[in-house]
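The values are calculated or read from the model by the stated rules, or taken from the named source; none is laboratory data. None of the values given here were measured: they were computed from a predicted structure. Reconstructed Cβ throughout: ideal geometry from the backbone, glycine too, with neighbour counts over all protein chains shown. SASA here: full protein model, heavy atoms, side chains in, ligands and nucleic acids out. Shrake-Rupley method; radii C 1.70, N 1.55, O 1.52, S 1.80 Å.
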Amino acid sequence: MKTPRLERRNGAAVDKALIDAFAKDFQGQVILLEDAGYDKARQIWNASIDKHPGLIARCAGVADVVHAVKFARGSDLLIAVRGGGHNVAGRALCDNGLVIDLSAMKGVFVDPDRRSVRAQAGATLGEVDRETHLHNLAVPFGVVSRTGIAGLTLGGGVGWLVRKYGLTCDNVLSCEVVTAEGEVVTADEETNADLFWGLRGGGGNFGIVTSFLYRAHPVSVVLGGPILYTRDQAGDVLRHYRAFMTTAPEELTAYAGLISTPDGAPAVAVVVCYCGDLAEGERVIRPLRGFGSPFMDAVQPLPFPAMQKLFDDAFPDRTYNYWRSSFLKALSDEAIDLIVEHGNRAGSPLSGVVLEFYGGAAGRVAPSDTAFAQRQAEYNVGITAQWTEAAEGDQHIGWVRALWDALVPHSSGGYLLNFLGDDNPEAIRGAFGTNHGRLVELKTKYDPTNFFSLNQNVLPRPRESRRAREGSASVGDRKKAAVHGPSAPGPVHRQS
Ligand SMILES: Cc1cc2nc3c(=O)[nH]c(=O)nc-3n(C[C@H](O)[C@H](O)[C@H](O)COP(=O)(O)OP(=O)(O)OC[C@H]3O[C@@H](n4cnc5c(N)ncnc54)[C@H](O)[C@@H]3O)c2cc1C
(Lines give C-alpha, C1' and ligand atoms only; values in the text may rest on other atoms or scores of the structure.)
Protein backbone atom coordinates (compact mmCIF):
# COMPACT_ATOMS: atom_id res chain seq x y z
CA MET A 1 0.00 0.00 0.00
CA LYS A 2 1.33 3.43 -0.82
CA THR A 3 1.77 5.93 2.02
CA PRO A 4 -1.55 7.58 2.74
CA ARG A 5 -1.72 11.35 2.15
CA LEU A 6 -4.20 13.91 0.91
CA GLU A 7 -3.94 14.00 -2.84
CA ARG A 8 -5.76 15.34 -5.86
CA ARG A 9 -7.58 12.97 -8.15
CA ASN A 10 -4.59 13.05 -10.52
CA GLY A 11 -2.41 11.64 -7.72
CA ALA A 12 -0.51 14.86 -6.87
CA ALA A 13 -0.09 15.66 -3.19
CA VAL A 14 -2.01 18.62 -1.75
CA ASP A 15 0.25 21.33 -0.29
CA LYS A 16 0.32 21.64 3.49
CA ALA A 17 -0.31 25.39 3.10
CA LEU A 18 -3.61 24.67 1.35
CA ILE A 19 -4.66 22.28 4.10
CA ASP A 20 -3.75 24.86 6.75
CA ALA A 21 -5.78 27.52 4.96
CA PHE A 22 -8.76 25.15 4.85
CA ALA A 23 -8.39 24.28 8.55
CA LYS A 24 -8.24 27.95 9.55
CA ASP A 25 -11.82 28.57 8.42
CA PHE A 26 -13.22 25.21 9.54
CA GLN A 27 -15.12 25.25 12.81
CA GLY A 28 -15.31 21.50 13.44
CA GLN A 29 -12.41 19.05 13.72
CA VAL A 30 -9.80 18.65 11.00
CA ILE A 31 -8.26 15.20 11.48
CA LEU A 32 -5.01 14.43 9.66
CA LEU A 33 -2.93 11.27 9.41
CA GLU A 34 -0.49 12.46 12.03
CA ASP A 35 -3.23 13.22 14.59
CA ALA A 36 -3.72 10.93 17.59
CA GLY A 37 -7.42 10.45 16.82
CA TYR A 38 -6.90 9.57 13.15
CA ASP A 39 -7.17 5.79 13.45
CA LYS A 40 -10.33 5.97 15.49
CA ALA A 41 -11.84 8.57 13.15
CA ARG A 42 -11.28 6.35 10.10
CA GLN A 43 -13.08 3.39 11.65
CA ILE A 44 -16.60 2.57 10.66
CA TRP A 45 -18.96 -0.17 11.75
CA ASN A 46 -17.69 -2.85 9.33
CA ALA A 47 -14.14 -3.87 10.32
CA SER A 48 -13.55 -5.26 6.80
CA ILE A 49 -13.21 -1.68 5.56
CA ASP A 50 -9.67 -0.40 6.06
CA LYS A 51 -9.33 2.90 4.19
CA HIS A 52 -6.93 5.77 4.82
CA PRO A 53 -8.43 9.15 4.00
CA GLY A 54 -6.01 12.04 3.53
CA LEU A 55 -8.14 14.30 5.68
CA ILE A 56 -11.28 13.84 7.77
CA ALA A 57 -13.32 17.03 8.09
CA ARG A 58 -15.71 16.49 10.99
CA CYS A 59 -18.21 19.23 10.39
CA ALA A 60 -19.76 21.33 13.17
CA GLY A 61 -22.53 22.69 10.97
CA VAL A 62 -23.78 23.45 7.48
CA ALA A 63 -21.16 26.15 6.86
CA ASP A 64 -18.43 23.58 7.46
CA VAL A 65 -20.03 21.23 4.92
CA VAL A 66 -20.10 24.05 2.34
CA HIS A 67 -16.48 24.94 3.15
CA ALA A 68 -15.39 21.30 2.73
CA VAL A 69 -17.25 20.92 -0.58
CA LYS A 70 -15.66 24.09 -1.97
CA PHE A 71 -12.20 23.00 -0.77
CA ALA A 72 -12.64 19.61 -2.43
CA ARG A 73 -13.82 21.13 -5.69
CA GLY A 74 -11.07 23.73 -5.75
CA SER A 75 -8.39 21.13 -5.09
CA ASP A 76 -9.95 18.36 -7.20
CA LEU A 77 -10.20 15.88 -4.31
CA LEU A 78 -11.99 12.56 -4.15
CA ILE A 79 -14.62 12.86 -1.43
CA ALA A 80 -16.63 10.48 0.72
CA VAL A 81 -19.56 11.54 2.88
CA ARG A 82 -20.03 9.98 6.29
CA GLY A 83 -23.27 9.85 8.24
CA GLY A 84 -23.63 7.02 10.74
CA GLY A 85 -20.82 4.95 9.16
CA HIS A 86 -23.03 1.84 8.90
CA ASN A 87 -22.89 1.33 5.16
CA VAL A 88 -21.75 -2.27 4.82
CA ALA A 89 -19.72 -1.59 1.66
CA GLY A 90 -17.83 1.19 3.46
CA ARG A 91 -18.94 4.01 1.19
CA ALA A 92 -18.41 6.54 4.00
CA LEU A 93 -14.63 6.38 3.55
CA CYS A 94 -12.04 6.78 0.80
CA ASP A 95 -8.30 6.39 0.37
CA ASN A 96 -6.21 9.57 0.09
CA GLY A 97 -9.24 11.80 -0.33
CA LEU A 98 -11.40 13.99 1.90
CA VAL A 99 -14.06 12.52 4.18
CA ILE A 100 -16.82 15.02 4.84
CA ASP A 101 -17.93 13.63 8.18
CA LEU A 102 -21.33 14.72 9.50
CA SER A 103 -21.32 12.39 12.50
CA ALA A 104 -21.02 15.27 14.99
CA MET A 105 -24.12 17.04 13.61
CA LYS A 106 -26.76 15.46 15.83
CA GLY A 107 -29.38 18.14 16.52
CA VAL A 108 -32.92 16.71 16.79
CA PHE A 109 -35.94 19.03 17.18
CA VAL A 110 -39.47 17.67 17.59
CA ASP A 111 -42.58 19.69 16.80
CA PRO A 112 -45.29 17.71 18.62
CA ASP A 113 -48.13 19.90 17.34
CA ARG A 114 -47.21 19.32 13.71
CA ARG A 115 -46.08 15.76 14.39
CA SER A 116 -42.78 16.42 12.69
CA VAL A 117 -39.11 16.26 13.61
CA ARG A 118 -36.07 17.92 12.10
CA ALA A 119 -32.89 15.92 12.53
CA GLN A 120 -29.37 16.75 11.46
CA ALA A 121 -27.75 14.16 9.24
CA GLY A 122 -25.23 12.85 11.79
CA ALA A 123 -27.93 11.50 14.09
CA THR A 124 -28.53 7.79 14.55
CA LEU A 125 -31.97 6.19 14.63
CA GLY A 126 -31.74 5.76 18.38
CA GLU A 127 -30.92 9.43 18.91
CA VAL A 128 -34.03 10.49 16.99
CA ASP A 129 -36.21 7.83 18.69
CA ARG A 130 -35.16 9.13 22.10
CA GLU A 131 -36.46 12.62 21.35
CA THR A 132 -39.66 11.64 19.51
CA HIS A 133 -40.58 9.13 22.21
CA LEU A 134 -40.86 12.00 24.72
CA HIS A 135 -43.93 13.04 22.70
CA ASN A 136 -45.24 9.50 22.06
CA LEU A 137 -44.23 9.83 18.43
CA ALA A 138 -41.97 7.82 16.14
CA VAL A 139 -40.48 8.03 12.65
CA PRO A 140 -40.31 4.75 10.69
CA PHE A 141 -36.58 3.92 10.57
CA GLY A 142 -34.58 0.66 10.51
CA VAL A 143 -34.12 -2.02 13.15
CA VAL A 144 -30.69 -1.31 14.70
CA SER A 145 -30.55 1.88 16.72
CA ARG A 146 -26.93 2.81 15.97
CA THR A 147 -27.51 3.02 12.19
CA GLY A 148 -27.23 6.54 10.75
CA ILE A 149 -30.45 8.20 9.60
CA ALA A 150 -28.78 9.81 6.57
CA GLY A 151 -27.62 6.78 4.59
CA LEU A 152 -30.69 4.83 5.66
CA THR A 153 -33.18 7.52 4.59
CA LEU A 154 -31.46 8.25 1.27
CA GLY A 155 -31.53 4.52 0.43
CA GLY A 156 -35.24 4.13 1.30
CA GLY A 157 -35.26 2.81 4.85
CA VAL A 158 -37.24 -0.23 6.04
CA GLY A 159 -38.01 -1.12 9.62
CA TRP A 160 -40.59 -2.11 12.20
CA LEU A 161 -43.22 0.41 11.05
CA VAL A 162 -42.86 -0.15 7.31
CA ARG A 163 -46.20 -1.87 6.73
CA LYS A 164 -48.29 0.70 8.60
CA TYR A 165 -46.39 3.93 7.88
CA GLY A 166 -44.16 3.16 4.90
CA LEU A 167 -40.47 3.56 4.21
CA THR A 168 -38.37 6.16 5.95
CA CYS A 169 -38.09 8.11 2.69
CA ASP A 170 -41.90 8.16 2.40
CA ASN A 171 -41.94 10.16 5.62
CA VAL A 172 -39.47 12.85 4.58
CA LEU A 173 -41.15 16.25 4.26
CA SER A 174 -38.12 18.32 3.35
CA CYS A 175 -34.33 18.18 3.14
CA GLU A 176 -31.66 20.82 3.47
CA VAL A 177 -28.95 20.00 0.93
CA VAL A 178 -25.46 21.21 0.06
CA THR A 179 -25.06 20.75 -3.69
CA ALA A 180 -21.98 19.75 -5.65
CA GLU A 181 -21.47 23.50 -6.23
CA GLY A 182 -21.44 24.16 -2.49
CA GLU A 183 -24.81 25.88 -2.45
CA VAL A 184 -27.36 25.36 0.31
CA VAL A 185 -30.80 24.53 -1.08
CA THR A 186 -34.10 23.19 0.14
CA ALA A 187 -35.68 20.16 -1.49
CA ASP A 188 -39.36 19.45 -0.88
CA GLU A 189 -42.58 19.02 -2.87
CA GLU A 190 -42.57 22.71 -3.88
CA THR A 191 -38.90 23.64 -4.09
CA ASN A 192 -36.46 21.66 -6.23
CA ALA A 193 -39.10 18.92 -6.41
CA ASP A 194 -37.00 16.83 -8.82
CA LEU A 195 -34.13 16.77 -6.34
CA PHE A 196 -36.59 15.86 -3.57
CA TRP A 197 -37.78 12.93 -5.69
CA GLY A 198 -34.19 11.70 -6.13
CA LEU A 199 -33.27 12.02 -2.47
CA ARG A 200 -36.05 9.60 -1.53
CA GLY A 201 -34.35 6.36 -2.55
CA GLY A 202 -31.59 7.59 -4.88
CA GLY A 203 -28.79 7.33 -2.28
CA GLY A 204 -26.11 9.98 -1.79
CA ASN A 205 -25.80 10.80 -5.49
CA PHE A 206 -27.18 14.32 -5.61
CA GLY A 207 -25.83 16.33 -2.70
CA ILE A 208 -25.04 16.26 0.98
CA VAL A 209 -28.18 16.36 3.08
CA THR A 210 -27.44 18.34 6.22
CA SER A 211 -30.86 17.83 7.82
CA PHE A 212 -34.14 16.04 7.22
CA LEU A 213 -37.64 17.11 8.22
CA TYR A 214 -39.67 13.95 8.93
CA ARG A 215 -43.32 13.21 9.52
CA ALA A 216 -43.74 11.40 12.86
CA HIS A 217 -46.55 9.04 13.87
CA PRO A 218 -48.37 8.32 17.13
CA VAL A 219 -46.36 5.27 18.21
CA SER A 220 -45.28 4.87 21.80
CA VAL A 221 -45.54 1.30 23.13
CA VAL A 222 -45.61 -1.62 20.71
CA LEU A 223 -46.15 -5.34 21.15
CA GLY A 224 -42.88 -6.81 20.03
CA GLY A 225 -40.09 -9.31 20.41
CA PRO A 226 -38.85 -12.67 19.16
CA ILE A 227 -40.38 -16.15 19.14
CA LEU A 228 -37.56 -18.69 18.91
CA TYR A 229 -37.55 -22.31 17.73
CA THR A 230 -34.82 -24.89 17.37
CA ARG A 231 -33.32 -24.95 13.88
CA ASP A 232 -34.77 -28.35 12.93
CA GLN A 233 -38.19 -26.65 12.75
CA ALA A 234 -36.97 -24.01 10.27
CA GLY A 235 -38.85 -25.18 7.15
CA ASP A 236 -42.17 -25.50 8.98
CA VAL A 237 -41.78 -22.17 10.78
CA LEU A 238 -40.98 -20.30 7.56
CA ARG A 239 -43.96 -21.86 5.78
CA HIS A 240 -46.26 -20.95 8.63
CA TYR A 241 -44.85 -17.39 8.69
CA ARG A 242 -45.56 -17.13 4.93
CA ALA A 243 -49.17 -18.27 5.35
CA PHE A 244 -49.70 -16.00 8.35
CA MET A 245 -48.40 -12.86 6.62
CA THR A 246 -50.88 -13.14 3.72
CA THR A 247 -53.68 -11.89 6.00
CA ALA A 248 -51.74 -10.03 8.70
CA PRO A 249 -52.92 -6.45 9.30
CA GLU A 250 -50.58 -3.59 8.44
CA GLU A 251 -50.03 -2.74 12.08
CA LEU A 252 -47.94 -5.90 12.17
CA THR A 253 -44.46 -6.04 10.68
CA ALA A 254 -42.79 -9.41 11.21
CA TYR A 255 -39.46 -10.79 10.03
CA ALA A 256 -38.41 -14.45 10.11
CA GLY A 257 -34.84 -15.62 10.09
CA LEU A 258 -32.24 -18.28 10.58
CA ILE A 259 -30.07 -16.91 13.34
CA SER A 260 -28.15 -18.21 16.37
CA THR A 261 -28.86 -17.53 20.02
CA PRO A 262 -26.29 -15.48 21.99
CA ASP A 263 -24.70 -18.77 23.15
CA GLY A 264 -24.30 -19.89 19.54
CA ALA A 265 -27.17 -22.40 19.21
CA PRO A 266 -28.69 -22.41 15.68
CA ALA A 267 -32.31 -21.25 15.85
CA VAL A 268 -35.14 -19.95 13.74
CA ALA A 269 -36.84 -16.75 14.83
CA VAL A 270 -40.01 -14.88 14.04
CA VAL A 271 -39.74 -11.32 15.31
CA VAL A 272 -42.86 -9.18 15.51
CA CYS A 273 -43.72 -5.55 16.04
CA TYR A 274 -47.40 -4.62 16.35
CA CYS A 275 -47.91 -0.85 16.43
CA GLY A 276 -51.66 -0.61 17.12
CA ASP A 277 -53.92 -1.32 20.09
CA LEU A 278 -52.06 -3.79 22.32
CA ALA A 279 -55.04 -6.02 23.16
CA GLU A 280 -55.86 -6.30 19.46
CA GLY A 281 -52.19 -7.07 18.81
CA GLU A 282 -52.33 -9.96 21.30
CA ARG A 283 -55.26 -11.37 19.36
CA VAL A 284 -53.58 -10.86 15.97
CA ILE A 285 -50.35 -12.62 16.83
CA ARG A 286 -51.94 -15.53 18.71
CA PRO A 287 -51.65 -17.88 15.68
CA LEU A 288 -47.94 -17.10 15.44
CA ARG A 289 -47.33 -17.74 19.11
CA GLY A 290 -49.41 -20.89 19.05
CA PHE A 291 -47.47 -22.51 16.25
CA GLY A 292 -45.03 -25.42 16.80
CA SER A 293 -42.92 -25.67 19.91
CA PRO A 294 -40.96 -22.46 20.48
CA PHE A 295 -38.28 -22.66 23.17
CA MET A 296 -38.67 -18.96 23.87
CA ASP A 297 -41.45 -16.41 23.42
CA ALA A 298 -40.32 -12.95 24.46
CA VAL A 299 -43.10 -10.95 22.79
CA GLN A 300 -44.21 -8.24 25.20
CA PRO A 301 -45.25 -4.57 25.33
CA LEU A 302 -42.13 -2.50 24.66
CA PRO A 303 -41.49 1.24 24.47
CA PHE A 304 -40.71 1.81 20.80
CA PRO A 305 -37.06 2.85 21.43
CA ALA A 306 -36.54 -0.49 23.21
CA MET A 307 -37.99 -2.35 20.20
CA GLN A 308 -35.49 -0.48 18.03
CA LYS A 309 -32.63 -1.70 20.22
CA LEU A 310 -33.62 -5.37 20.41
CA PHE A 311 -31.03 -6.36 17.81
CA ASP A 312 -28.25 -3.89 18.59
CA ASP A 313 -26.17 -6.56 20.32
CA ALA A 314 -26.52 -8.90 17.35
CA PHE A 315 -24.69 -6.34 15.16
CA PRO A 316 -21.81 -5.11 17.32
CA ASP A 317 -19.39 -2.48 16.06
CA ARG A 318 -16.16 -3.64 14.42
CA THR A 319 -17.03 -7.18 13.38
CA TYR A 320 -16.23 -8.23 9.80
CA ASN A 321 -19.25 -8.13 7.53
CA TYR A 322 -20.41 -8.97 4.03
CA TRP A 323 -24.09 -8.65 3.12
CA ARG A 324 -26.28 -9.22 0.10
CA SER A 325 -30.00 -9.28 -0.40
CA SER A 326 -32.57 -10.01 -3.05
CA PHE A 327 -36.28 -9.47 -3.52
CA LEU A 328 -38.10 -12.68 -4.41
CA LYS A 329 -40.76 -13.10 -7.09
CA ALA A 330 -42.55 -15.24 -4.51
CA LEU A 331 -41.59 -17.09 -1.37
CA SER A 332 -41.96 -20.54 -2.93
CA ASP A 333 -41.35 -23.85 -1.14
CA GLU A 334 -38.21 -24.22 -3.23
CA ALA A 335 -36.89 -20.83 -2.10
CA ILE A 336 -37.60 -21.75 1.53
CA ASP A 337 -35.74 -25.04 1.10
CA LEU A 338 -32.71 -23.23 -0.34
CA ILE A 339 -32.73 -20.72 2.50
CA VAL A 340 -32.83 -23.50 5.09
CA GLU A 341 -30.20 -25.61 3.33
CA HIS A 342 -27.73 -22.73 2.95
CA GLY A 343 -28.67 -21.15 6.26
CA ASN A 344 -27.65 -24.35 8.01
CA ARG A 345 -24.19 -24.04 6.41
CA ALA A 346 -23.41 -20.59 7.83
CA GLY A 347 -19.89 -20.70 9.19
CA SER A 348 -20.36 -18.15 11.95
CA PRO A 349 -22.95 -17.94 14.75
CA LEU A 350 -23.17 -14.19 14.04
CA SER A 351 -24.31 -14.78 10.45
CA GLY A 352 -27.95 -15.06 9.46
CA VAL A 353 -30.58 -15.14 6.75
CA VAL A 354 -33.57 -12.89 7.29
CA LEU A 355 -36.89 -12.88 5.47
CA GLU A 356 -38.61 -9.51 5.49
CA PHE A 357 -42.20 -9.09 4.32
CA TYR A 358 -43.18 -5.53 3.31
CA GLY A 359 -46.23 -4.62 1.24
CA GLY A 360 -48.71 -2.43 3.11
CA ALA A 361 -48.12 1.32 3.08
CA ALA A 362 -44.76 1.04 1.31
CA GLY A 363 -46.40 -0.97 -1.48
CA ARG A 364 -49.19 1.58 -2.02
CA VAL A 365 -46.76 4.26 -3.23
CA ALA A 366 -46.18 4.02 -6.99
CA PRO A 367 -42.61 3.01 -7.99
CA SER A 368 -42.25 6.28 -9.93
CA ASP A 369 -43.47 8.53 -7.10
CA THR A 370 -40.04 8.49 -5.41
CA ALA A 371 -36.64 7.22 -6.52
CA PHE A 372 -37.23 4.03 -4.49
CA ALA A 373 -38.51 1.64 -7.17
CA GLN A 374 -38.86 -1.64 -5.28
CA ARG A 375 -42.46 -1.20 -4.19
CA GLN A 376 -44.12 -4.31 -5.55
CA ALA A 377 -41.96 -7.25 -4.45
CA GLU A 378 -43.03 -8.37 -1.00
CA TYR A 379 -40.29 -10.63 0.31
CA ASN A 380 -36.73 -9.47 0.73
CA VAL A 381 -34.08 -12.01 1.73
CA GLY A 382 -31.15 -10.50 3.59
CA ILE A 383 -28.02 -12.67 3.78
CA THR A 384 -25.70 -11.27 6.41
CA ALA A 385 -22.30 -12.80 7.10
CA GLN A 386 -20.61 -11.52 10.21
CA TRP A 387 -17.38 -12.90 11.67
CA THR A 388 -14.63 -11.97 14.10
CA GLU A 389 -11.38 -13.24 12.53
CA ALA A 390 -10.08 -11.20 9.58
CA ALA A 391 -8.50 -14.24 7.93
CA GLU A 392 -11.85 -16.06 7.62
CA GLY A 393 -13.28 -13.61 5.07
CA ASP A 394 -13.25 -15.85 2.00
CA GLN A 395 -15.26 -18.57 3.68
CA HIS A 396 -18.03 -16.23 4.87
CA ILE A 397 -18.17 -14.16 1.69
CA GLY A 398 -18.38 -17.42 -0.26
CA TRP A 399 -21.33 -18.53 1.86
CA VAL A 400 -23.27 -15.32 1.12
CA ARG A 401 -22.56 -15.50 -2.59
CA ALA A 402 -23.54 -19.18 -2.82
CA LEU A 403 -27.00 -18.56 -1.36
CA TRP A 404 -27.45 -15.37 -3.38
CA ASP A 405 -26.53 -17.27 -6.58
CA ALA A 406 -28.85 -20.14 -5.68
CA LEU A 407 -31.70 -17.65 -5.27
CA VAL A 408 -31.17 -16.02 -8.68
CA PRO A 409 -33.96 -18.07 -10.36
CA HIS A 410 -36.34 -16.93 -7.60
CA SER A 411 -35.23 -13.29 -7.54
CA SER A 412 -37.37 -10.50 -8.96
CA GLY A 413 -34.10 -8.90 -10.14
CA GLY A 414 -34.77 -6.09 -7.68
CA TYR A 415 -32.50 -5.36 -4.73
CA LEU A 416 -32.70 -3.26 -1.62
CA LEU A 417 -30.27 -0.38 -2.04
CA ASN A 418 -29.45 -0.20 1.65
CA PHE A 419 -28.36 -3.84 1.78
CA LEU A 420 -25.94 -3.76 -1.15
CA GLY A 421 -22.78 -4.93 0.54
CA ASP A 422 -20.41 -4.44 -2.38
CA ASP A 423 -20.06 -2.36 -5.52
CA ASN A 424 -21.89 -4.57 -7.97
CA PRO A 425 -23.08 -2.21 -10.77
CA GLU A 426 -25.72 -4.69 -11.93
CA ALA A 427 -27.21 -4.93 -8.48
CA ILE A 428 -27.18 -1.13 -8.11
CA ARG A 429 -29.00 -0.86 -11.40
CA GLY A 430 -31.42 -3.58 -10.30
CA ALA A 431 -32.11 -1.67 -7.10
CA PHE A 432 -32.97 1.53 -9.00
CA GLY A 433 -35.04 -0.55 -11.44
CA THR A 434 -37.42 1.44 -13.63
CA ASN A 435 -36.24 4.72 -12.09
CA HIS A 436 -32.65 4.40 -13.30
CA GLY A 437 -33.08 6.52 -16.46
CA ARG A 438 -34.68 9.37 -14.55
CA LEU A 439 -31.90 9.19 -11.95
CA VAL A 440 -29.29 9.53 -14.71
CA GLU A 441 -31.03 12.74 -15.87
CA LEU A 442 -31.14 14.05 -12.33
CA LYS A 443 -27.46 13.20 -11.78
CA THR A 444 -26.58 15.00 -15.01
CA LYS A 445 -28.45 18.05 -13.76
CA TYR A 446 -27.25 18.19 -10.17
CA ASP A 447 -23.85 16.50 -10.32
CA PRO A 448 -22.58 16.39 -13.91
CA THR A 449 -18.96 15.72 -12.85
CA ASN A 450 -19.90 12.88 -10.47
CA PHE A 451 -18.41 14.78 -7.54
CA PHE A 452 -20.50 12.51 -5.28
CA SER A 453 -19.18 9.19 -6.54
CA LEU A 454 -18.76 7.04 -3.43
CA ASN A 455 -22.29 5.82 -3.02
CA GLN A 456 -24.55 3.46 -4.90
CA ASN A 457 -23.42 5.40 -7.89
CA VAL A 458 -25.50 6.66 -10.79
CA LEU A 459 -23.30 7.98 -13.59
CA PRO A 460 -24.22 11.27 -15.26
CA ARG A 461 -24.70 11.21 -19.00
CA PRO A 462 -21.29 11.41 -20.69
CA ARG A 463 -20.20 14.92 -21.70
CA GLU A 464 -20.29 13.99 -25.42
CA SER A 465 -23.90 12.89 -25.41
CA ARG A 466 -24.76 15.99 -23.40
CA ARG A 467 -23.10 18.20 -26.02
CA ALA A 468 -24.95 16.45 -28.80
CA ARG A 469 -28.24 16.98 -27.00
CA GLU A 470 -27.44 20.62 -26.31
CA GLY A 471 -26.84 21.03 -30.06
CA SER A 472 -26.34 24.68 -31.03
CA ALA A 473 -26.94 26.12 -27.57
CA SER A 474 -25.06 29.36 -26.86
CA VAL A 475 -21.83 29.40 -24.87
CA GLY A 476 -23.73 30.96 -21.98
CA ASP A 477 -26.33 28.21 -22.10
CA ARG A 478 -23.63 25.55 -22.19
CA LYS A 479 -21.93 27.03 -19.15
CA LYS A 480 -25.22 26.99 -17.31
CA ALA A 481 -25.82 23.39 -18.37
CA ALA A 482 -22.48 22.37 -16.87
CA VAL A 483 -23.78 23.51 -13.51
CA HIS A 484 -27.44 22.62 -13.64
CA GLY A 485 -27.60 20.05 -16.42
CA PRO A 486 -29.23 20.46 -19.82
CA SER A 487 -32.58 19.15 -18.70
CA ALA A 488 -32.86 21.70 -15.92
CA PRO A 489 -36.32 23.20 -16.03
CA GLY A 490 -35.06 26.16 -14.03
CA PRO A 491 -32.44 27.22 -11.54
CA VAL A 492 -31.78 25.40 -8.30
CA HIS A 493 -33.60 27.40 -5.64
CA ARG A 494 -31.23 28.61 -3.01
CA GLN A 495 -32.30 28.67 0.57
CA SER A 496 -33.11 32.09 1.92
C1 LIG B 1 -26.36 -3.21 11.65
C2 LIG B 1 -27.10 -2.63 10.49
C3 LIG B 1 -28.47 -2.67 10.46
C4 LIG B 1 -29.17 -2.13 9.39
N5 LIG B 1 -30.53 -2.18 9.39
C6 LIG B 1 -31.22 -1.60 8.38
C7 LIG B 1 -32.64 -1.57 8.38
O8 LIG B 1 -33.27 -2.09 9.27
N9 LIG B 1 -33.26 -0.96 7.36
C10 LIG B 1 -32.59 -0.36 6.33
O11 LIG B 1 -33.21 0.21 5.44
N12 LIG B 1 -31.25 -0.39 6.29
C13 LIG B 1 -30.55 -0.99 7.28
N14 LIG B 1 -29.19 -1.02 7.24
C15 LIG B 1 -28.50 -0.48 6.08
C16 LIG B 1 -28.24 1.00 6.27
O17 LIG B 1 -29.43 1.72 6.13
C18 LIG B 1 -27.28 1.51 5.21
O19 LIG B 1 -26.07 0.81 5.34
C20 LIG B 1 -27.04 2.99 5.32
O21 LIG B 1 -26.22 3.37 4.24
C22 LIG B 1 -26.41 3.40 6.61
O23 LIG B 1 -26.42 4.79 6.75
P24 LIG B 1 -25.25 5.55 7.54
O25 LIG B 1 -25.55 7.00 7.52
O26 LIG B 1 -25.02 4.89 8.85
O27 LIG B 1 -24.05 5.17 6.60
P28 LIG B 1 -22.72 5.82 6.06
O29 LIG B 1 -21.82 4.66 5.90
O30 LIG B 1 -22.25 6.96 6.88
O31 LIG B 1 -23.18 6.37 4.65
C32 LIG B 1 -23.81 5.54 3.73
C33 LIG B 1 -23.93 6.16 2.36
O34 LIG B 1 -24.75 7.29 2.41
C35 LIG B 1 -24.06 8.46 2.01
N36 LIG B 1 -24.36 9.51 2.96
C37 LIG B 1 -24.24 9.44 4.30
N38 LIG B 1 -24.64 10.59 4.85
C39 LIG B 1 -25.02 11.39 3.83
C40 LIG B 1 -25.54 12.70 3.77
N41 LIG B 1 -25.76 13.41 4.86
N42 LIG B 1 -25.84 13.22 2.54
C43 LIG B 1 -25.62 12.50 1.42
N44 LIG B 1 -25.11 11.25 1.42
C45 LIG B 1 -24.83 10.71 2.63
C46 LIG B 1 -22.60 8.07 2.08
O47 LIG B 1 -21.83 8.79 1.18
C48 LIG B 1 -22.62 6.63 1.75
O49 LIG B 1 -22.66 6.46 0.36
C50 LIG B 1 -28.46 -1.55 8.32
C51 LIG B 1 -27.07 -1.52 8.32
C52 LIG B 1 -26.39 -2.05 9.41
C53 LIG B 1 -24.91 -2.04 9.41
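Some points to look at:
- Contact order relative to length of the range 78-184, as percent, for alpha carbon pairs under 8 angstrom and 6 or more apart: 20 percent
- A probe of 1.4 angstrom, applied to the heavy atoms of all protein chains, finds Thr370 with accessible area near 10 square angstrom.
- The range 221-294: C-alpha pair distances exceeding 18 Å, %: 36 percent
- Loop-located GluC sites (Glu not before Pro) in the range 137-240, at most 12 other Cβ atoms within 10 Å (DSSP): Glu189, Glu190
- For the chain, adding -39500 (n - 2.57) for each run of n ≥ 4 DSSP H residues and dividing by the number of residues yields -8500 deg cm²/dmol at 222 nm.
- Candidates Pro249, Gly155, Thr449 compared by Cα position along the dipole of the chain: farthest toward the positive end lies Thr449, with charges placed on Cβ.
- The trypsin sites (Lys or Arg not before Pro) of the range 329-433 that DSSP puts in a loop, and whose beta carbon has at most 14 other beta carbons within 10 Å, are Arg345.
- Set against the 2.2 N^0.38 Å expectation for a compact globular protein, the chain has a Cα radius of gyration ratio of 0.98.
- Relative contact order computed over the chain (Cα-Cα under 8 Å; 6+ residues apart), in percent: 15 percent
- For the range 112-197, alpha-carbon Rg and Dmax in angstrom: 13.2, 40
- Cleavage-rule hits (trypsin sites (Lys or Arg not before Pro)) in the range 78-153: DSSP loop, at most 11 neighbouring Cβ within 10 angstrom: Arg114
- Per residue, the range 361-457 exposes 38 Å² of accessible surface when a 1.4 Å probe is rolled over the protein heavy atoms with every protein chain present.
- Carbon and sulfur %, accessible surface of the chain computed with the full protein complex present, 1.4 Å: 52 percent
- Only the Cβ atoms of Lys and Arg (+1) and of Asp and Glu (-1) were treated as charged; on that basis the dipole of the range 55-191 about its Cα centre amounts to roughly 480 debye.
- Measuring with a 1.4 angstrom probe and ignoring ligands and nucleic acids, Trp404 comes out at about 40 Å² accessible.
- Which listed pairs, of Lys16/Lys51; Lys329/Lys445; Lys70/Lys164; Lys70/Lys443; Lys16/Lys40, have C-alpha distances above 30 Å, in listed order: Lys329/Lys445; Lys70/Lys164
- Annotation: the antiparallel percentage among DSSP beta bridges lying fully within the chain is about 90.
- D by Stokes-Einstein for the range 162-319, Kirkwood Rh over Cα pairs, 10 °C, 1.306 mPa s: 87 µm²/s.
- A P(r) calculated from all alpha carbon pairs of the range 384-427, with 10 Å bins opening at zero, reads 22, 53, 22, 3 percent.
- The range 31-82 - accessible surface per residue (Å², probe 1.4 Å): 37 Å²
- Each of Ser174, Val400, Pro294 was placed along the dipole of the chain (beta-carbon charges, centred on the mean Cα), and the one lying farthest toward the positive end is Ser174.
- Ranked by how many other beta carbons lie within 10 Å on average, peptides 299-305, 99-105, 258-264, 119-125 from highest: 119-125, 99-105, 299-305, 258-264
- Axial C-alpha extent at least 18 Å, average Kyte-Doolittle at least 0.0 - helices from the chain (DSSP): 62-75
- Exposure check, 1.4 Å probe, all protein chains in place: Ser211 carries approximately 10 Å² of accessible surface.
- When +1 charges are put on Lys and Arg Cβ atoms and -1 charges on Asp and Glu Cβ atoms, the dipole computed for the chain relative to its Cα centre reaches about 1220 debye.
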